[in-house]
Amino acid sequence: MLVLIGLALVVIGFVLRMNPLLVVTVSGLVTGAVGGLTPLQMLDIVGTAFADSRPVMILLLALPMVGLVERMGLQAHVRRTVGRLASLTPGRILLGYLALRQVTAAAGLLTVLGVAQTVRPVLYPMVEAAAERRTGPLTEEVRDRLKGSSVGVETVGMFFAEDVFVAVGSVLLITSFVDANYGLQLEPLDLAVWAIPSAGVAFAVHGFRALRTDRMLRRRAAAPAPDAVP
């Protein structure tokens, strides 16, 4: 039970609002030391984990590119383009991105779009510009809700559609776990087929929520200002 001290250190570190990277690193070292691992063994585990998750580092390559295109005026250009298209509403933009994200995730293109490289520099400025064109200046509360909705369509679209692709890591993990622990021969294609209805339901439910964004904006635009005189 002593190895659980690492979990306690993580909880304490997060409660004290310490640096997450430092908290996790120290907790891992303490857990390894209590578990009887030598420094070389712990270093080997860290190196192996880093090598196995190296695709995550692609994000670090995307960040300088995103910063460069934003400096060159990408967000301003996106806002001007949306301003010319009167038929675009925030809900329709979110719904369109949700459909695009599910299609790309189902095709196995999980890193093509994303929060850092697409949602922040492209999607959210489009949603914000469409909202301002219809309701005028936005409050911070509305901006926060639009930011959450923009990230939500990315997360829901990828999470529920990625299992449709038979070669994604989550599908292979599920099939190997079921085969090893329950003795069932579960084929990746079978799992992918049954993931299609889940993706469809997720699109219907979250697509409806995306379209309700327009209703929320209309309701707030029609509401009187807090300091208005009745």
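Some points to look at:
- Conditions (1) without any contact (Cβ under 8 Å) to a residue 24 or more places away in the chain; (2) in contact with a helix residue (DSSP H, G or I) (Cβ under 6 Å, 6 or more places away or on another chain); (3) among the charged types (D, E, K, R): number failed by ARG101: (1)
- The number of residues in the range 140-153 that are out of contact with any helix residue (DSSP H, G or I) (no Cβ under 6 Å at 6 or more places or on another chain) and touching a residue at least 40 places away in the same chain (Cβ under 8 Å) comes to 3.
- Lone qualifier among VAL142, VAL168 - being at pLDDT 85 or above and within 21 Å of the chain's Cα centre (by Cα): VAL142
- Residue count, the range 94-113 (criterion: part of a helix (DSSP H, G or I), within 16 Å of the chain's Cα centre (by Cα) and not hydrophobic (A, V, I, L, M, F, W, C)): 4
- Residue within the range 157-177 that is farther than 23 Å from THR104 by Cβ and not aliphatic (A, V, I, L, M) present: yes
- Condition met for GLY91 (assigned by TED's automatic domain parsing to the domain that holds ARG212, in a helix (DSSP H, G or I) and closer than 21 Å to GLY207 by Cα): yes
- Pair list, Cβ < 7 Å and 6+ apart or interchain, from the range 190-215 residues that are among the β-branched types (Val, Ile, Thr) to residues that are assigned to a helix (DSSP H, G or I): ILE196/VAL164; THR213/PRO90; THR213/GLY91; THR213/LEU94; THR213/SER149
The values are calculated or read from the model by the stated rules, or taken from the named source; none is laboratory data. Worth saying up front: this structure is predicted, and the values here are computed from it rather than measured. We place every Cβ from the backbone using ideal geometry, glycine too, and count neighbours over all the protein chains shown.
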